[in-house]
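In what follows, a structure is listed as structure tokens, so that the remarks can point back to it.
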Amino acid sequence: QAGSFATSGLFADLQPGVIGVGGSINVTTGSLNLSNEGTISASTFNQGNAGNIGISANQIDLRGNSAIATQVDDEATGNAGNLNIKTQILNVQEESQISSATQGNGNGGNLTVEADTIILTGSDRKLATGLLSSVDTTANGSGGNIDITANRLFIRDFADIFSGSTGNGEAGDINIIANFLEISGKGSSIASLTNIGDGGDINLGIGNLLLLRG
């Protein structure tokens, strides 16, 4: 769980019992690798807004149930921070996620990715793989938008770009601009789903679109 330090990583969380504003995390590096539940988190677990996460790298790799996340916990009041990523290559696989979520009283942050190549590769296990924005069942607030600009975007084998709401709030929009988009393999999708509030819009500006293998 982000904020518990049970995993390795970078944390700027507003901890339970604390009233204030969470700090931001800014990373500039040649290569960023997260594996084996490695986590970068800026979340709020009490009263106050979470900080932002900004990452600039030539290459970013997430695998082994790793995460870059900003969220509002189910007992928290405040807004999640925004998450901004700039990279040449973004590779997310093996149940890893880049996500913005609200489970409490507050809005989810926006997720913005600028990259030359994005590769999302999932698995058929329980945890989702991909870029996610969610309003969970216990939440009162709107989900953040997902904005992606890329030359090439690959979504493969149970990976997702997903915006959803099962709580009291609207799902965020998904906006993608890419020269080439491939969605392939069972369970792969770009989706916005909601149970209560309004669903988010999906806006695609794509030069070439390839759908195959289910």
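The values are calculated or read from the model by the stated rules, or taken from the named source; none is laboratory data. Nothing here was measured: the structure is a model prediction, and the numbers come from that model. Because the Cβ atoms are built from the backbone with ideal geometry, glycine has one as well, and the counts that use them run over all protein chains shown. The accessibility values were calculated without ligands, DNA or RNA, using every heavy atom of the protein model including side chains. Shrake-Rupley method; radii C 1.70, N 1.55, O 1.52, S 1.80 Å.
Residues in the stretch 100-121 that are open to solvent by 20 Å² or more (accessible area, probe 1.4 Å) and either closer than 23 Å to T87 by Cβ or of a type in the set (K, R) (or both): 6 in all. If you filter the stretch 13-35 down to residues that are over 18 Å from the mean Cα position of the chain (by Cα) and modelled with pLDDT of 95 or more, you find that the one that is most open to solvent (accessible area, probe 1.4 Å) is T28.
Consider only pairs whose beta carbons are under 8 Å apart and that are at least six residues apart or on different chains; among these, list those whose first residue lies in the stretch 49-77 and is touching a residue at least 40 places away in the same chain (Cβ under 8 Å) and whose second residue is among the charged types (D, E, K, R) and surrounded by 23 or more Cβ atoms within 10 Å (Cβ to Cβ). Within 8 Å, the pairs are A50/D13. Selection over the stretch 131-163 of residues that are more than 13 Å from D201 (Cα to Cα) and either touching a Cys at 6+ places or on another chain (Cβ under 8 Å) or not in a strand (DSSP E or B) (or both) gives a count of 8.
Looking at the stretch 164-179, which of its residues are assigned to a loop (DSSP other than H, G, I, E, B), of a type outside the set (S, T, N, Q) and over 12 Å from N140 (Cβ atoms)? Result: A171, G172, D173. Tallying residues that are more than 14 Å from the chain's Cα centre (by Cα) and crowded, with 24+ Cβ neighbours inside 10 Å within the stretch 127-145 yields 2.
For the residues N175, N168, the requirement of being buried (at least 17 other Cβ atoms within 10 Å of the Cβ) and within 19 Å of S100 (Cα to Cα) singles out N175.
Output the residues belonging to the stretch 57-73 that are open to solvent by less than 20 Å² (accessible area, probe 1.4 Å), at pLDDT 95 or above and in a strand (DSSP E or B). Those that are open to solvent by less than 20 Å² (accessible area, probe 1.4 Å), at pLDDT 95 or above and in a strand (DSSP E or B): A57, I60, D61, L62, I68. Out of curiosity, is D124 closer than 17 Å to S66 by Cα, open to solvent by 20 Å² or more (accessible area, probe 1.4 Å) and in contact (Cβ under 8 Å) with a residue 60 or more places away in the chain? Yes; evaluated as a whole, the condition is true for this residue. Anything in the stretch 198-214 that is under 20 Å from the mean Cα position of the chain (by Cα) and not in a strand (DSSP E or B)? List them, or say none. The answer is D198, G199, G200, D201.
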